[in-house]
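Nothing in this text is a laboratory measurement; each read-out follows from the coordinates by a stated rule. Just so it is clear, the model here is predicted, and its values are computed rather than measured. Glycine gets a Cβ as well: all are built from the backbone with ideal geometry, and neighbour counts include every protein chain shown.
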Amino acid sequence: MARERDLPGWLAAVHPRYRVPHHAEIAVAVAVCGLLLVVDLLSAIGFSSFGVLVYYSIANIAALTQRGGSADTPAVCRSSVSSAVSPWSPPCPAPLSSWA
């Protein structure tokens, strides 16, 4: 997101050597430390788990809105609908079947 400039200006700064959004990492670290000062550890862990579930839900919904035939997606991985419907099935079954 930082490379594509989807983040606000200061947060989108990418470190020249490590190529990570270092300002965004600092902002998240400050937010987490602030959260730990305000609430107890178990509440923070529960909030974090809830946040991860919300994030994955948004990612799955976004995958459902993509149109098929994208040039940068391998043909074997274009089954986002089947992966979202049955989360226990792998999104790219071809590499897994070759391991057997």
### Task
Based on other C-beta atoms within 10 Å, arrange 37, 7 from fewest to most.
37, 7
### Query
For residue 37 and residue 54 in the same chain, what is the full-extension length gain: residue separation times 0.36 nm, less their Cα-Cα distance, in nm?
3.8 nm
